[in-house]
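Read through the structure below, which is laid out as structure tokens, and then see the notes.
The values are calculated or read from the model by the stated rules, or taken from the named source; none is laboratory data. Being a predicted model, the structure only gives us computed values, none of them experimental. Methodologically, a virtual Cβ is constructed for each residue, glycine included, from the backbone with ideal geometry; neighbour enumeration extends over all protein chains shown.
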Amino acid sequence: MTIPTAHFWRFARTQPGFLFGLVVVMVTVFLALLGPWIAPYRPEEALPGQAVLPPNVDHWMGTDISGMDIFSRVIAAPRIDLTIALISTVVAFVGGVVLGVVSGFFAGARGLWALVSNAIMRGADIFQAFPLFIFALALVGFRGPSIQNVIVALAFLNVPFFLRVTRGAVLHVRERPFVDAARCVGGSGLRIAFVHVMPNALTPALANLSPTIGFSILLTSALSFVGAGVPIPTPEWGSMIAIGAPNMMTGQWWTALFPGLALGVTILGYALVGDGLRDYLDPTHRQ
Amino acid sequence: MGERALEVDRLVKFFPLGRRRTVKAVNGVSFHIDRGEALALVGESGSGKTTVGRCILRLIEPTEGRITFLGDDVTAMTQEQFRPWRRRIQLVFQEPYDSLNPRMRIGRILDEPLMLADRSTPGGRRARVLELLDMVGLGAAFLTLYPHQLSGGEQQRVGIARAIATNPDLVVLDEPTSALDVSVRAEILDLLTDLQQRLGFAYLFISHDLTAVRRVCQRVAIMYLGKIVETGPTDEIFARPLHPYSRALLSSVLYPDPVDQRSRFLLAGEIPSPIDVPAGCHLHPRCPWAIDDCARDYPPLEELLPGRRVACFLARRQNGIAEPRADARSGVPHE
């Protein structure tokens, strides 16, 4: 997979939403790498006597109920949120694509592989029929809230999604004559599936990587908001919203607003990058 | 007559269509190809000729019948058992671009059959890939190109090189020139003839292009609605077709010389769907010379003249000459 740079930028220049999304992605990546170090205060430090201060010169976004600086916490949070989202999405991508190729390529076949194909699909059905949020809650409730458990829960959640989009592409690609050609030269089923079909069926899964990362950030925050995600003092947007929510009702709007804004803009940015990438990777969308 | 490269015996392929209806794509087709011989399988779209080719290559499973390859029955083999045979039966596709993996370079496309066949060293395989490119008139510069960087004719040359990579005994050519420009067609046909003469494989040339068939093949089998209606040596069939359908098909060829207006022979209507095949001889509703027998039974494919097999009651009754007689049911052919 090579992305010709000049061509890429010529495409990106015409898409303001895509460019905005790229900026958001770059900012979050930058903050994930350096956020905790460029923050003016230590993000987990409760400053004595400075609880629930409104935004001012020292605390640009105010402080929360324990006296932690909200700005520092907002820019430190991507380190946790993005790491969780990135790892879980990549794991889900790899698992989903492999299962999607197997289930799609052998769909309607006979013998052992057809059983495998069906088993994969029924497994995905069961998984998706189950309310995903409840599943995550149950897992975290069972094993206790921790970053690893959130990653596992999110990875499981996203596997069926990558599986289905890849399977759809595979069902289409496997009918193309070069697949027959690969069979004629004596390739085994698995070889044809992974050497010939998979590279030609990756576009939908690749285009959905970015929105899934955005969505995973949202889910991480949602889990943290209900207390089933990242444990509390760790800077994380969802848990910050949860901490700030009671203050919102008494008029201290800054406690939950800023992490909420950061979360919203981030998810929007990742979704826009996904849209742009889909258009870029799909030759029929190109002019 | 040399050794048989391929023998197809009463091949049947039905595609189920819903609960009760079936598409009778191939309905009892028998033929053989000798080693080094080129047989053309000719017919319109829907005649089942491509399905025959795909059954022989086991890209689809035949419903009934037997396929014998170099004396060995390969019909009962599973896909996995058949896999070692694949290097001896190869296919050239109709769509040159679609038959090449768009994400593989030409060098890798040609290397794959070699790698799967004998697992010799990459260096040895590379020499063979270069030799193959040379055989089909392409140079080493093509090794690193992707299929979309090639012209249609060049893509088809790569397809041919891939098919002959493992020195097969039989190459099935599924309309190899129908997707190409007319100017390129002749070059590809010459290449195919040349390769066959040098390397001696047998061809099954599936086509509706009669002029192409005439250039490459020694024998012709003409198909109509899933059955072979006539077989024989190419020259004789072109000179004097015995079956009414063969006659109509040959009369549809456009001759480049406007003065040469051979008498046109046309059939009424169009080829019916292979779902609702007419009873009796499949051609009788369209045939201007149909007699009573034609509506009742399907005529057997019989050798009426030396080397020529025809499935037609009228031709049989008149010793191989299907011409209208006084008792013919309907009128004169459409001029």
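Return yes when B:Thr166 is surrounded by 15 or more Cβ atoms within 10 Å (Cβ to Cβ), of a type in the set (S, T, N, Q) and without any contact (Cβ under 8 Å) to a residue 40 or more places away in the chain and no when it is not.
no
If you go through the stretch B:284-314 and keep only what is part of a loop (DSSP other than H, G, I, E, B), in contact (Cβ under 8 Å) with a residue 40 or more places away in the chain and more than 22 Å from the chain's Cα centre (by Cα), you end up with B:Cys287, B:Pro288, B:Trp289, B:Ala290, B:Tyr298.
Determine, yes or no, whether A:Gly238 is of a type outside the set (A, V, I, L, M), in contact (Cβ under 8 Å) with a residue 12 or more places away in the chain and more than 11 Å from every other protein chain (Cβ to nearest Cβ).
On the way: of a type outside the set (A, V, I, L, M): yes; in contact (Cβ under 8 Å) with a residue 12 or more places away in the chain: yes; more than 11 Å from every other protein chain (Cβ to nearest Cβ): yes.
Against the criterion (of a type outside the set (A, V, I, L, M), in contact (Cβ under 8 Å) with a residue 12 or more places away in the chain and more than 11 Å from every other protein chain (Cβ to nearest Cβ)), A:Gly238 qualifies.
The residue pairs whose first member lies in the stretch A:170-199 and is in contact (Cβ under 8 Å) with a residue 12 or more places away in the chain and within 9 Å of chain B (Cβ to nearest Cβ), whose second member is small (Gly, Ala, Ser) and in a helix (DSSP H, G or I), and whose beta carbons are closer than 7 Å, counting only pairs six or more residues apart or on different chains, are A:His196/A:Ala182.
The number of residues in the stretch B:119-148 that are within 14 Å of chain A (Cβ to nearest Cβ), on the phi < 0 side of the Ramachandran plot, out of contact with any Gly (no Cβ under 9 Å at 6 or more places or on another chain) and not hydroxyl-bearing (Ser, Thr, Tyr) comes to 5. Checking the structure you have, find out if any residue of the stretch B:142-159 is assigned to a helix (DSSP H, G or I), within 19 Å of B:Leu114 (Cα to Cα) and of a type in the set (Val, Ile, Thr). Yes - at least one qualifying residue is present in the stretch B:142-159. Among the residues of the stretch B:46-58, those identified as more than 15 Å from A:Arg110 (Cβ to Cβ) and part of a loop (DSSP other than H, G, I, E, B) are B:Gly46, B:Ser47, B:Gly48, B:Leu57. Taking helices (runs of 4 or more DSSP H) as the structural unit, those lying wholly within the stretch B:171-283 and holding at least 2 residues that are farther than 21 Å from B:His32 by Cβ and of a type in the set (Asp, Glu) correspond to B:182-199.
B:Asp190 fulfils the conditions (1) under 23 Å from B:Pro147 (Cα atoms); (2) within 14 Å of another protein chain (Cβ to nearest Cβ); (3) not β-branched (Val, Ile, Thr) except for a single criterion, (2). Pairing residues of the stretch B:194-216 that are more than 16 Å from B:Asp181 (Cα to Cα) with residues that are part of a helix (DSSP H, G or I) and among the small types (Gly, Ala, Ser), at Cβ distances under 6 Å and at least 6 apart in sequence or on separate chains, gives B:Ile206/B:Gly53.
In the set (1) under 17 Å from the mean Cα position of the chain (by Cα); (2) part of a helix (DSSP H, G or I), A:Gly229 fails one condition alone, (2).
For the residues A:Gly269, A:Gly244, A:Gly251, the requirement of being touching a residue at least 60 places away in the same chain (Cβ under 8 Å) and either assigned to a loop (DSSP other than H, G, I, E, B) or in contact with a Phe, Trp or Tyr (Cβ under 7 Å, 6 or more places away or on another chain) (or both) singles out A:Gly269. Taken over the stretch A:113-163, the criterion of being charged (D, E, K, R) and either at pLDDT 85 or above or surrounded by 14 or more Cβ atoms within 10 Å (Cβ to Cβ) (or both) is satisfied by A:Arg122, A:Asp125.
Here is the figure for the stretch B:65-113: residues that are more than 9 Å from chain A (Cβ to nearest Cβ), touching a residue at least 40 places away in the same chain (Cβ under 8 Å) and in a helix (DSSP H, G or I) total 3.
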